[in-house]
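The values are calculated or read from the model by the stated rules, or taken from the named source; none is laboratory data. Values in this document were obtained by computation on a predicted structure and should not be read as measured data. Glycine gets a Cβ as well: all are built from the backbone with ideal geometry, and neighbour counts include every protein chain shown.
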Amino acid sequence: MDYSRDNYEPGVVAADGAPEVTAVFDPTNGEYSVKRMRLTPFCTGNSHLADGRVLAAGGDDFAGDRLSPGYTDGLRGLRLYQKPTPGTWDEGGWKTLNNQLGEPRWYPTQALMPDGVRTLVVGGTRSQNTSTPVPSTEIYSSATLGIVSLATLGVLERFIGFTLYPLVYSLPYLSLGSSGTTQVFMFNCDRGAVLNLAPNNTWSEYRDIPSALWPTPGFCGAMSMAGTATMLMLEPEAGYAAEVVMFGGFQRGRPECECDQPTNSFAHRIRLDQESVDANELEWQREAMPYGRNMNDCVLLPNGQIIIVNGAKTGVISNARDPAHDAWLYNPKAPAGSRFTTLAATNIDRYYHSTALLLPDASILVMGSEYGTCSRSCADRTPWEFQHRAERFLPPYFFGTSRPDIELMSATELRYGASLDVTYTGNVTGAVLMTPAAVTHQNNMNQRAIRLVVVSNSGGAVVLRMPPSQYITAPGWHMLFLMNGDVPCLQASWLWLRYFTGETGQYQPLLPAPYDPATGACLKQRETMPYGRNMNDAVMLPNGQIIIVNGARTGVISNARDPAHDAWLYDPKAPAGQRFRTLAATNINRYYHSTALLLPDASILVAGCEYGTCTASCARPTAWRFQHQAERFLPPYFFQSGRPVVTSISATSARYGATLTAGYTGRVNMNQRAIRLVVVSNSGGAVVLRMPPSQYITAPGWHMCS
């Protein structure tokens, strides 16, 4: 497939003066649409957020040069990509956040944490001009759309300049759930560490993995522009034990000619299960590859095997020779020494800035490369070139056993530990979740595979159990593959794995009275929200808590920007400063004339909006539009067990102070909107309730009784 265009290069300025630097590409038909970006994004980090948006942090300072006319410095940039909303005027695209990184970062790594709110931005250098390392980590919060923590880490200082795209993996330790601590593995070149990240964003180093343990001294493993790595598939029967494998790299030090840089010819594995880490029994296992390989990419398949593509046999960065054209298949469960199989070869050289990622049909998209290929001598090179051709690599399972096909799923949004019913055609023996890729410079920052528990499987219907904890895989969108042995289904289905914190319940002091009898003064309390919000709606829930939705962070009436997509839960009985909690986010802008109201099933109907969204300047609003999509928001209690069901009531109208008898099944939560009723008696599945004593408590009319 050759989808290059003569008039499109990264950084070309469009007719309206906006730089064209990113595109949404459809590998099924070769079509793409350009998405503008204001800050120079060359060598940013990238990762998926829990709501499916893409965060790109850092970049470059090459503003106004031949490759980036129209840009401004992007080293501290924070950008969010929102996909288009079908059936609306929202075309999606990049949004540059007002908040910025605390330090300039070129070549940083990103990683979403298990809470689904925090994203790490790790390492990098201050610019490609200075190459000064940045041995620190920042934490981006999707709740505040900004940085909430910046800390210098000893392990990054020990990387001795190799802070370019370090490996960063959150480890799947189930025992950490009660403390809220996340353990994080960081690695670059030949050394690493396991660190503890506390809920208050403080760091402590738990285990050092020094270069003295590295079995291939003088050579780097996985890091930017070097080797590649992935965490192996997490399997419930193995207790979701973590193990990381790395492929290739290059020799440390710089020869007179970069084209002669020797490559690392070994794969390295390290077990990072909780027992090994707690016991500090950490050691590398080394295995010879078919040959040395650098600037290669690895793609984790739904069957747990790995495809390695791209790279060179000699050289580094933009100067290489001896392209590695053939793909390798790595089977981590085969005996050592027989894990590599050489597969088909391409005729395209792919070196620096090449990429590879898994597609929903289980094929691999292979793209990119910029290079000056060395010839016989270091002074004899081809011109610096960009590779615009894309390829699709078909693994061996495309040519063997019949592949099953997903027909229908019972849900596309699930909590951890929930069950999913799937109907299918063909033969199915298991199922796997795969995260979507976020890859650059041989570092896939969002690559993880999780084998699911099969609860039952017969008659073309399988019941699957979702992973038990967000520590196994962070909240967000996943591809579900049904498996026939090692053969994946024809097309994955997308599902959204959500994380809801449980409520244990506790007594809290009531809010002070609004009137002080001693002074005759009214008492008002002010409390800081997660951010400023206008044109928003508040809906009181049957439990007395409040959901806040809709609105904008900036603007008024029909002209606004920075939509407030996420819902908030406000608990008036919680201590001041702890009353707000950020919940799920929509992808629909709702400003002026938006609405929200409680439905009889205790969900919330969200609808409406007319708006002219302001763009880069107030002089360029979008067209005046109307929003015709309606949504139903499900508060957290929809995902908790034990919701009672009213089976009967003794009357459908009652005077103030009268009693009402209600039959029920399950447990009863005696809240009626904001009015708690008096329970006269309750036994044998029948409860007698006392109505409010006066119309001043609640006005006459129809009420929902929960």
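Quick one: how many residues across segment 494-523 are more than 20 Å from ASN587 (Cα to Cα) and modelled with pLDDT of 90 or more?
Counting residues in segment 494-523 that are more than 20 Å from ASN587 (Cα to Cα) and modelled with pLDDT of 90 or more gives 0.
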Scanning segment 558-577 residue by residue, the ones that are within 13 Å of ARG533 (Cα to Cα) and part of a strand (DSSP E or B) total 7
Report, ordered by the first and then the second residue, all pairs with beta carbons closer than 6 Å, sequence separation of six or more or different chains, a first member in segment 549-573 that is outside the structural domain of HIS593 (by TED's automatic domain parsing) and closer than 16 Å to LYS95 by Cα, and a second member that is in a strand (DSSP E or B) and of a type outside the set (S, T, N, Q). none
When segment 243-255 is checked residue by residue, the ones that are over 19 Å from TYR107 (Cβ atoms) and either touching a helix residue (DSSP H, G or I) at 6+ places or on another chain (Cβ under 6 Å) or buried (at least 24 other Cβ atoms within 10 Å of the Cβ) (or both) are PHE247
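Condition test on THR440, is it in contact with a Gly (Cβ under 9 Å, 6 or more places away or on another chain) and closer than 25 Å to ASP51 by Cβ?
Yes.
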Tabulated pairs, segment 578-590, first assigned to a loop (DSSP other than H, G, I, E, B), second surrounded by fewer than 19 Cβ atoms within 10 Å (Cβ to Cβ) and among the β-branched types (Val, Ile, Thr), C-beta under 8 angstrom, 6+ apart or interchain: ASN587/THR85; ILE588/THR85; ILE588/THR88
Test: residue in segment 575-590 that is among the basic types (Lys, Arg), surrounded by 16 or more Cβ atoms within 10 Å (Cβ to Cβ) and under 19 Å from SER141 (Cβ atoms): yes
Which ones in segment 177-234 are over 30 Å from GLU370 (Cβ atoms) and of a type in the set (A, V, I, L, M)? VAL184, ALA193, VAL194, LEU195, LEU197, ALA198, ILE209, ALA212, LEU213, LEU232, MET233, LEU234
Segment 117-150, subset closer than 21 Å to ALA567 by Cα and touching a Leu at 6+ places or on another chain (Cβ under 8 Å), residue surrounded by the most Cβ atoms within 10 Å (Cβ to Cβ): TYR140
Can you work out which of the residues in segment 221-235 that are touching an Asp or Glu at 6+ places or on another chain (Cβ under 7 Å) and crowded, with 24+ Cβ neighbours inside 10 Å is nearest to ARG286 (Cα to Cα)? GLY221
Whether any residue in segment 593-602 is crowded, with 18+ Cβ neighbours inside 10 Å, of a type in the set (Val, Ile, Thr) and either modelled with pLDDT of 95 or more or within 24 Å of HIS703 (Cα to Cα) (or both) is what I want to check. no
May I ask you to say which residue of ASN303, ASN280 is touching a helix residue (DSSP H, G or I) at 6+ places or on another chain (Cβ under 8 Å) and either touching a residue at least 24 places away in the same chain (Cβ under 8 Å) or surrounded by 24 or more Cβ atoms within 10 Å (Cβ to Cβ) (or both)? ASN303
Between ALA324, ALA344, which is touching a residue at least 12 places away in the same chain (Cβ under 8 Å), surrounded by 21 or more Cβ atoms within 10 Å (Cβ to Cβ) and among the aliphatic types (A, V, I, L, M)? ALA324
Inside segment 235-253, can you point out the residues that are in contact with a Lys or Arg (Cβ under 8 Å, 6 or more places away or on another chain) and in a loop (DSSP other than H, G, I, E, B)? GLU235, ALA241, ALA242, GLY248
Looking for something crowded, with 20+ Cβ neighbours inside 10 Å and either in a loop (DSSP other than H, G, I, E, B) or at pLDDT below 90 (or both) - is there at least one such residue anywhere in segment 603-610? yes
Note on segment 69-82: residues under 28 Å from the mean Cα position of the chain (by Cα) and modelled with pLDDT under 90 are TYR71, THR72, ASP73, GLY74, GLN82
Return the total of residues in segment 109-163 being farther than 20 Å from THR582 by Cα and more than 16 Å from the chain's Cα centre (by Cα). 30
